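First comes the structure, then the notes that go with it.
The values are calculated or read from the model by the stated rules, or taken from the named source; none is laboratory data. Remember, it's a predicted structure, so these values are computed and weren't measured experimentally. Here the Cβ positions follow ideal geometry from the backbone for every residue, glycine too, while neighbour counts run over all protein chains shown.
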Amino acid sequence: MSGEKAQLTALARRFGTPLYVYDFDLIRHNFEQYRRAAGTTDHLICAAVKANGNLALLRRLAQWGSGFDVVSGGELERVLMAGGRADRTVFSGVGKTRDEIDAALRAGILLFNVESEAELDLLAERAARLRLAARFGLRVNPDIAAVTHPHIATGLRQHKFGVTLALAQKLYLRPRPRWLEPAGISFHIGSQILSLAPFARAAARVAQLTARLAERGVALRYFDAGGGLGIAYRPGQRPPTIAAYVGALRTALPPGMSLLIEPGRSLVAAAGSLLTRVLYVKDSGRKRFVIADAGSNDLLRPSLYDAYHDIQPVIPRRGARRVVEIVGPICETGDVLGRERRLPPLAADDYMVIADAGAYGFSLSSNYNARPRAAEVALEGGRARLVRRRETSSDLAAADLAEPKK
Ligand SMILES: Cc1ncc(COP(=O)(O)O)c(C=O)c1O
């Protein structure tokens with residue numbers, strides 16, 4: 001048995017399944033790639049917490065010098081709990097509440113990425129009330145189409161994100177309330193994008209706007225290019241390298257501005273796997289179903305976006321491969337992990353490994369069907385460490401107010 005197979009089997013036995021396993025060394029390598037590619041350009045890498053908000057991971061990222069991109073008060077709290085710094089954190093999202101804005105102001109957030117005129121008004125009001133400076137950037141929607149799944153494209157006018165370039169210009173140039181400081185500009189055109197061209201086009205459009213604003217006396221400091229770089233989930237997919245991606249952003253970066261990048265998927269996806277155990281194999285109609293103990297509550301991406309994750313038995317059995325449907329135990333027809341996969345024979349209690357599950361895996365997981373969420377393990381320097389224990393039914397009931405039956 002190869003070292004990797006033996007390790008995965010040992011982890012599954014020791015911690016149970018479903019189990020998320022993260023290679024922290026690979027995440028560090030990816031983070032360093034970003035840093036190296038940014039080189040001498042003034043920059044800050046702000047890891048997107050939504051992709052993976054595990055506290056041990058956030059702690060490591062903070063130790064490595066990462067900043068963060070958060071989209072809720074809860075994510076900001078997690079960053080602070082993990083030792084991350086608010087003055088290295090940007091706050092994005094279309095629906096920030098007054099309480100979330102107040103908490104971020106009090107924490108001293110680096111930049112609010114504001115997504116509407118009404119949000120800018122509320123930010124001005126809260127900053128004045130609290131007498132705290134609010135550095136803001138407008139999230140602009142550069143109206144650039146990127147080839148990705150419609151649910152994760154964000155950079156077109158029809159999407160709810162950001163404001164148009166024209167409205168952004170108007171808002172930057174309007175008389176400025178005392179506590180509001182225009183400090184940056186941001187854009188994010190979507191996720192799992194596999195070519196450089198849309199990034200380069202969007203960055204060039206936003207750079208043109210910053211030049212027009214500078215001519216009219218509004219000199220912005222932060223050029224926040226969002227995230228969005230894709231990874232190879234399927235054989236044959238060839239995403240640009242981190243170096244090429246950052247190179248394209250550096251080319252577009254207006255002189256004197258500081259580059260912020262908010263990578264999520266490209267930092268953590270390939271460093272995570274979901275280990276699962278086969279519960280049953282059954283033939284039904286013309287299909288053979290392999291029923292796993294991980295379901296769409298553990299990994300939602302295949303049901304939500306028809307996303308593809310490679311799935312393999314940890315230890316392949318001998319025998320002819322055949323096409324199977326890999327499904328979970330959830331009471332939904334859409335609870336599918338992998339459709340039409342040609343795999344070696346599988347039997348109950350075999351372990352399978354679902355690849356590239358480090359981003360939008362655990363963070364999108366839920367307790368649907370009253371299922372406790374999976375445990376998470378970090379691999380670092382050859383050692384395995386439990387970084388989140390498996391939830392229990394008591395965790396799930398903790399916020400319920402009904403009296404449990406004695
Ligand atoms: C504003 C913002 N920044 C960064 C990200 C991270 O994107 P990705 O995981 O594609 O790098 C997202 C994801 O949707 C986002 O909405």
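Data for the structure
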| item | result |
| --- | --- |
| Conditions (1) without any contact (Cβ under 8 Å) to a residue 12 or more places away in the chain; (2) assigned to a strand (DSSP E or B): number failed by L279 | (1) |
| Per-region count, the range 105-122, residues outside any loop (DSSP other than H, G, I, E, B) and more than 21 Å from H188 (Cα to Cα) | 5 |
| Scan of the range 79-99 for residues that are crowded, with 18+ Cβ neighbours inside 10 Å, touching a Phe, Trp or Tyr at 6+ places or on another chain (Cβ under 7 Å) and part of a loop (DSSP other than H, G, I, E, B), ordered by number | G84 |
| Counted residues, the range 84-107 - those being touching a residue at least 24 places away in the same chain (Cβ under 8 Å) and away from the ligand (no atom under 14 Å from the Cβ) | 14 |
| Count of the range 209-236 residues which are loosely packed, with under 15 Cβ neighbours inside 10 Å and over 14 Å from Y172 (Cα atoms) | 4 |
| Selection from the range 361-406 of residues that are basic (K, R) and touching a residue at least 24 places away in the same chain (Cβ under 8 Å) | R371, R373, R385, R388, R390 |
| Residue check, L279 farther than 21 Å from A347 by Cβ and either outside the structural domain of M352 (by TED's automatic domain parsing) or of a type outside the set (G, A, S) (or both) | no |
| For E4: the one exception among (1) surrounded by fewer than 21 Cβ atoms within 10 Å (Cβ to Cβ); (2) more than 16 Å from D356 (Cα to Cα); (3) without any contact (Cβ under 8 Å) to a residue 40 or more places away in the chain | (2) |
| Filtered residue count, the range 46-59, keeping only those that are free of Cβ contacts under 8 Å to residues at least 40 places away in the same chain and surrounded by fewer than 22 Cβ atoms within 10 Å (Cβ to Cβ) | 1 |
| Residue match in the range 343-354 (condition: touching a residue at least 40 places away in the same chain (Cβ under 8 Å), closer than 22 Å to V278 by Cβ and within 19 Å of the chain's Cα centre (by Cα)) | yes |
| Residue that is touching a Phe, Trp or Tyr at 6+ places or on another chain (Cβ under 9 Å), of a type outside the set (K, R) and closer than 16 Å to P263 by Cβ, where the choices are L8, L110, L61 | L61 |
| Residue within the range 36-45 that is surrounded by 18 or more Cβ atoms within 10 Å (Cβ to Cβ) and within 16 Å of the chain's Cα centre (by Cα) present | yes |
| Set L279, L299: member being within 16 Å of the ligand (Cβ to nearest atom), within 25 Å of G16 (Cα to Cα) and at pLDDT 95 or above | L299 |
| Restricting the range 216-232 to residues that are closer than 10 Å to L260 by Cβ and part of a strand (DSSP E or B), the residue that is nearest to the ligand (Cβ to nearest atom) | D224 |
| Matching entry among L44, L76 (being closer than 30 Å to S116 by Cβ, within 16 Å of the ligand (Cβ to nearest atom), hydrophobic (A, V, I, L, M, F, W, C) and assigned to a strand (DSSP E or B)) | L44 |
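For (1) modelled with pLDDT under 75; (2) under 22 Å from the mean Cα position of the chain (by Cα), each residue gets a yes or a no:
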| site | (1), (2) |
| --- | --- |
| R135 | no, no |
| N141 | no, yes |
| T148 | yes, yes |
| P175 | no, no |
| W179 | no, no |
| P182 | no, no |
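Rundown of residues vs (1) buried (at least 18 other Cβ atoms within 10 Å of the Cβ); (2) more than 16 Å from V140 (Cβ to Cβ); (3) away from the ligand (no atom under 13 Å from the Cβ); (4) among the acidic types (D, E), yes/no style:
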residue: A197; (1), (2), (3), (4): no, yes, yes, no
residue: V206; (1), (2), (3), (4): yes, no, yes, no
residue: R238; (1), (2), (3), (4): no, yes, yes, no
residue: S258; (1), (2), (3), (4): no, yes, yes, no
residue: L275; (1), (2), (3), (4): yes, yes, yes, no
